[in-house]
Amino acid sequence: MKQIIEANNLINNEELIINNENIVLVGGCFDILHLGHIVFLEKAKKEGDILVILLESDENIKKNKGQNRPINSQENRAVFLTKLKMVDYVIKLPEMKNDEEYLEIISKIKPKVIAVSDDDKNLIKKKKQAKKIGAKLIKVTNIIPHQSTSRIIEIIKI
C-alpha cells in the first residue's frame, strides 16, 4: 500500500479506507518538523483510525510564507511525514488556486473528522468544509509557545 498519493490520482477514498475505518484529515505545510507538529499529529490520530495529511505544494507555501520557503521540497516533506508512526497517508496537493479545489479533494477523501489546532489560520474555511461534507471539526491542540517553522528559521539566522 502506497503511503504517498498525488492528489490528482485520488479518485475516491478507496485508496485510503479499508473495512470502513474512520478517516481523520489534517492539512498543512510541515516544512521543518518540530514538537508542535508531532503533538498535533499524535492527538489528531487519536480521533479516528486513519490519519491523512493534505500536504501543501511548494508553490502555495511560497505564496503564503515568502520566496525563501519552503525549506524542504514537498517530496521530502512527504517522505519525512510517512516516517512518523501516527501518519497513514500523505496526499501531495498540487498548487491550489481556490477553496473549491480543496473541497473537491476533501469530498473524495470523505473524512469523519477534520482536525485543527487552535491557531489554525484557515479555521473558518475548514468549518465550512466540514459542514459541507458532514465531518466533525475538532480542535485537538492548543498552540505550543515558540514551536513554529518560522521561529526555527528566525533562530537559525541569528
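Taking the condition surrounded by fewer than 20 Cβ atoms within 10 Å (Cβ to Cβ), out of contact with any Cys (no Cβ under 8 Å at 6 or more places or on another chain) and closer than 12 Å to Val24 by Cβ, does Met86 pass?
Numbers: surrounded by fewer than 20 Cβ atoms within 10 Å (Cβ to Cβ): yes; out of contact with any Cys (no Cβ under 8 Å at 6 or more places or on another chain): yes; closer than 12 Å to Val24 by Cβ: yes.
Here the answer is yes, as Met86 does meet what is asked.
Out of the residues in segment 99-125 that are of a type in the set (D, E, K, R) and touching a residue at least 24 places away in the same chain (Cβ under 8 Å), which is nearest to Asn8 (Cα to Cα)? Even if it seems obvious, please write down each step before you answer.
From segment 99-125, those of a type in the set (D, E, K, R) are 99-101, 104, 108, 110, 112, 118-121, 125; that's our starting set.
Next cut, touching a residue at least 24 places away in the same chain (Cβ under 8 Å) only: 99, 108, 110, 112, 118-119, 125.
Numbers: Asp99: 16, Lys108: 11, Lys110: 16, Lys112: 22, Asp118: 30, Asp119: 29, Lys125: 22 Å.
My answer is Lys108.
Considering only residues that are small (Gly, Ala, Ser) and part of a helix (DSSP H, G or I), look in segment 29-56 and name the one that is surrounded by the fewest Cβ atoms within 10 Å (Cβ to Cβ). Step through it out loud before you land on a result.
Filtering segment 29-56 down to residues small (Gly, Ala, Ser) leaves 36, 44, 48.
Among the residues that remain, those that are also part of a helix (DSSP H, G or I) are: 36, 44.
Values: Gly36: 20, Ala44: 25.
Looking at the filtered set, the residue picked out is Gly36.
Going through Ile91, Ile61, Ile50, Ile38 one at a time, which residue ends up being in contact with a Cys (Cβ under 6 Å, 6 or more places away or on another chain) and β-branched (Val, Ile, Thr)?
Values: Ile91 fails: in contact with a Cys (Cβ under 6 Å, 6 or more places away or on another chain); Ile50 fails: in contact with a Cys (Cβ under 6 Å, 6 or more places away or on another chain); Ile38 fails: in contact with a Cys (Cβ under 6 Å, 6 or more places away or on another chain).
One residue alone meets the criteria, Ile61.
In segment 94-107, which residue that is in a helix (DSSP H, G or I) and not charged (D, E, K, R) is farthest from Ile61 (Cα to Cα)? Step through it out loud before you land on a result.
First pass over segment 94-107, keeping only residues in a helix (DSSP H, G or I): 99-107.
Subsequent filtering for residues that are not charged (D, E, K, R) retains 102-103, 105-107.
Values: Tyr102: 15, Leu103: 19, Ile105: 18, Ile106: 19, Ser107: 23 Å.
Step by step, filter segment 94-107, then rank; the result is Ser107.
Are any residues in segment 44-69 among the small types (Gly, Ala, Ser) and modelled with pLDDT of 95 or more, and if so, which ones? Before the answer, list the steps.
The initial filter retains those residues of segment 44-69 that are among the small types (Gly, Ala, Ser), namely 44, 48, 57, 66.
Ala44, Gly48, Ser57 - these are the residues of segment 44-69 that are among the small types (Gly, Ala, Ser) and modelled with pLDDT of 95 or more.
Restricting to segment 127-147, what's the tally of residues that are touching a residue at least 40 places away in the same chain (Cβ under 8 Å), more than 16 Å from Leu51 (Cα to Cα) and surrounded by 16 or more Cβ atoms within 10 Å (Cβ to Cβ)?
Total satisfying the criteria: 1.
With Glu95, Glu59 as the choices, which residue is touching a residue at least 12 places away in the same chain (Cβ under 8 Å) and surrounded by fewer than 14 Cβ atoms within 10 Å (Cβ to Cβ)?
Glu95
Cβ-Cβ below 7 Å, separation at least six or inter-chain, first residue in segment 24-41 and under 18 Å from Ala130 (Cα atoms), second of a type outside the set (A, V, I, L, M, F, W, C): which pairs?
Val24/Lys45; Val24/Glu47; Val24/Gly48; Val24/Pro111; Leu25/Pro111; Gly28/Glu56
Select from segment 70-81 the residues that are farther than 20 Å from Ile144 by Cβ, touching a residue at least 40 places away in the same chain (Cβ under 8 Å) and in contact with an Asp or Glu (Cβ under 9 Å, 6 or more places away or on another chain) and list them in ascending order.
Going residue by residue through segment 70-81, those that are farther than 20 Å from Ile144 by Cβ are 70, 72-76, 78-79.
Next, only the ones that are touching a residue at least 40 places away in the same chain (Cβ under 8 Å) stay: 70, 72, 78-79.
Across segment 70-81, the qualifying residues are Pro70, Asn72.
From the set of residues in segment 84-125 that are of a type in the set (S, T, N, Q) and over 13 Å from Leu54 (Cβ atoms), which is farthest from the chain's Cα centre (by Cα)? Before the answer, list the steps.
So the first thing to find is which residues in segment 84-125 are of a type in the set (S, T, N, Q), and the list is 98, 107, 117, 122.
Keeping just the survivors that are over 13 Å from Leu54 (Cβ atoms) gives 98, 117.
On the way: Asn98: 16, Ser117: 11 Å.
Checked segment 84-125; the qualifying residue farthest from the chain's Cα centre (by Cα) is Asn98.
Does segment 64-83 hold any residues that are surrounded by fewer than 15 Cβ atoms within 10 Å (Cβ to Cβ) and among the charged types (D, E, K, R), and which are they?
Glu75, Lys83
Please work out which one of (1) assigned to a loop (DSSP other than H, G, I, E, B); (2) modelled with pLDDT of 95 or more is the condition Ile91 fails and give its number.
(1)
In segment 108-126, which residues are in a helix (DSSP H, G or I), of a type in the set (A, V, I, L, M, F, W, C) and surrounded by 19 or more Cβ atoms within 10 Å (Cβ to Cβ)?
Taking segment 108-126 and keeping what is in a helix (DSSP H, G or I), we get 108-109, 123-126.
If we keep only those that are of a type in the set (A, V, I, L, M, F, W, C) as well, we get 109, 123-124.
Matches in segment 108-126: Ile109 only.
The values are calculated or read from the model by the stated rules, or taken from the named source; none is laboratory data. All values reported here derive from a predicted model rather than from experimental measurement. Methodologically, a virtual Cβ is constructed for each residue, glycine included, from the backbone with ideal geometry; neighbour enumeration extends over all protein chains shown.
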